[in-house]
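The values are calculated or read from the model by the stated rules, or taken from the named source; none is laboratory data. This one's a predicted model, so the numbers in the text were calculated from it and none came from an experiment. Backbone-built Cβ (ideal geometry, glycine too); neighbour counts: all protein chains shown. With ligands, DNA and RNA removed, areas are computed over all heavy atoms of the protein, side chains included. Shrake-Rupley method; radii C 1.70, N 1.55, O 1.52, S 1.80 Å.
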Amino acid sequence: MNKLISIVIPAYNEEENIKEIVGRIEEIFKNLPYNFELIMVDDGSTDHTLETIKNLTSIKQNLYFIEFSKNFGHQAALKAGLNEARGSCVISLDADLQHPPELLIEMLQKWEEGYDIVYTLRQFDKTISVRKAKSSKLFYKFLNSISDVEIEEGSADFRLMDRTVVDVFKQFTENDPFVRGLVKLIGFKQYAIKYFPDNRFSGDSKYDFKKMKSLAIHGITSLSIKPLNMAIYLGFIFSMLSLLYIPYVIFSFYNGTEVSGWASIVITIVFFGGLQLIILGILGIYLGKMFMQVKGRPNYIIRSTNMK
Ligand code: UDP
Ligand code: MG
């Protein structure tokens, strides 16, 4: 009996890509001694993504769909796929074919060699726009400078996880998980494969600057409480600095020029006001996360699926 491999693909408005990726993956498994199941998670698409998948399921019996009740985001879709997968290992990749499915062969080889997690590191070549390359570099640099968990640059959600890892991962019931950070956090024997991404087969990126920014903030605040400590240091530094004002005040008092300090007072008030708002904002983000966690709402809601 061959081992079962689960493939998980989150898809949000990817109608043009579905057929292609299903075909490419089938092609690969033709030459491999495994059975596979392909789980496509439709993350509340507004185009014909779901219909396209459903149509294919009627002719391919190892193809499954999970339909969300609305758009819950890439990470939630990934989590849903991992929760439902039944294979001895689970491989996740994007629907847009930027993650070349041909890499699956090498990933499975490494898995057979005994690695529990085989992840991939994206290398940039000339086909990627300078802006995307730069913003990605910045994203990881910032993330690592401020967070406790080191995340390597270019580690997207293109990875293989052994069944034991998936089972551990399923126990993580945290609200709004940041999957690539959690994977780094849980340890196990990990192996990295470097690859050059392909161009999107069809459609546009679903990650605009706004989504990238919120992913960065989310990545930091879901893995680390360093920003909270940073708030303390900042407050400490600035209150020390404000002590420097004392000699100035004494000096101007003896000089009889103490009224002329209006501008500096206003600047100080505005500056510290701003600083306090920033720190309150940081506290707010963490408090908000606790609020959402306490409510214990599900990360996603499944409207329909053909997985029993
Ligand atoms: N995706 C999703 N829900 C979203 C946004 C994206 O399931 O709200 C999926 C998308 O269909 C794709 C993957 O996540 O399979 C990565 O998205 P995208 O290719 O747009 O990101 P990029 O490669 O530009 O970083
Ligand atoms: Mg993409």
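Contact list please: Cβ distance under 7 Å, first residue in region 193-204 and closer than 22 Å to TYR119 by Cβ and of a type outside the set (S, T, N, Q), second residue within 11 Å of ligand 2 (Cβ to nearest atom) and in a strand (DSSP E or B), pairs at least six apart or on different chains.
What qualifies is TYR195/ARG122; PRO197/ARG122.
Just checking, how many residues over region 56-86 are closer than 30 Å to ASN2 by Cβ, in contact with a helix residue (DSSP H, G or I) (Cβ under 9 Å, 6 or more places away or on another chain) and not in a loop (DSSP other than H, G, I, E, B)?
Residues meeting the conditions: 10.
Picking from LEU63, LEU32, LEU108, which residue would you name as being farther than 26 Å from ASP208 by Cα, surrounded by fewer than 18 Cβ atoms within 10 Å (Cβ to Cβ) and hydrophobic (A, V, I, L, M, F, W, C)?
LEU32
Answer yes or no: is there a residue in region 87-99 that is over 20 Å from PRO298 (Cβ atoms) and hydroxyl-bearing (Ser, Thr, Tyr).
yes
Could you list, in sequence order, the residues of region 279-308 that are open to solvent by 100 Å² or more (accessible area, probe 1.4 Å) and farther than 30 Å from LYS70 by Cα?
LEU280 - this is the single residue of region 279-308 that is open to solvent by 100 Å² or more (accessible area, probe 1.4 Å) and farther than 30 Å from LYS70 by Cα.
I'd like the full set of residues that are under 21 Å from GLU106 (Cβ atoms) and either modelled with pLDDT under 90 or within 16 Å of ligand 2 (Cβ to nearest atom) (or both), limited to region 1-19.
Matches in region 1-19: ASN2, VAL8, ILE9.
Which members of region 165-180 meet the condition of being touching a Gly at 6+ places or on another chain (Cβ under 9 Å) and either more than 16 Å from ligand 1 (Cβ to nearest atom) or among the aromatic types (Phe, Trp, Tyr) (or both)?
Correct list: VAL166, THR173, ASN175, PHE178.
What number of residues within region 88-103 satisfy the criterion of being away from ligand 1 (no atom under 13 Å from the Cβ) and among the hydrophobic types (A, V, I, L, M, F, W, C)?
So the answer is 4.
Check whether at least one residue in region 69-83 is within 16 Å of ligand 1 (Cβ to nearest atom), more than 25 Å from VAL168 (Cα to Cα), in contact (Cβ under 8 Å) with a residue 60 or more places away in the chain and open to solvent by 20 Å² or more (accessible area, probe 1.4 Å), and report yes or no.
yes
Give the residue that is farthest from ALA80 (Cα to Cα), with candidates limited to residues of region 1-29 that are assigned to a strand (DSSP E or B) and open to solvent by less than 40 Å² (accessible area, probe 1.4 Å).
Across region 1-29, the extreme among qualifying residues is ILE5.
Specify which of the listed residues (LYS206, LYS141, LYS132, LYS213) is more than 14 Å from ligand 1 (Cβ to nearest atom), open to solvent by 30 Å² or more (accessible area, probe 1.4 Å) and of a type outside the set (Asp, Glu). Break it down into steps so the answer makes sense when it comes.
Working: LYS206 fails: more than 14 Å from ligand 1 (Cβ to nearest atom); LYS132 fails: more than 14 Å from ligand 1 (Cβ to nearest atom); LYS213 fails: more than 14 Å from ligand 1 (Cβ to nearest atom).
Unique residue meeting the criteria: LYS141.
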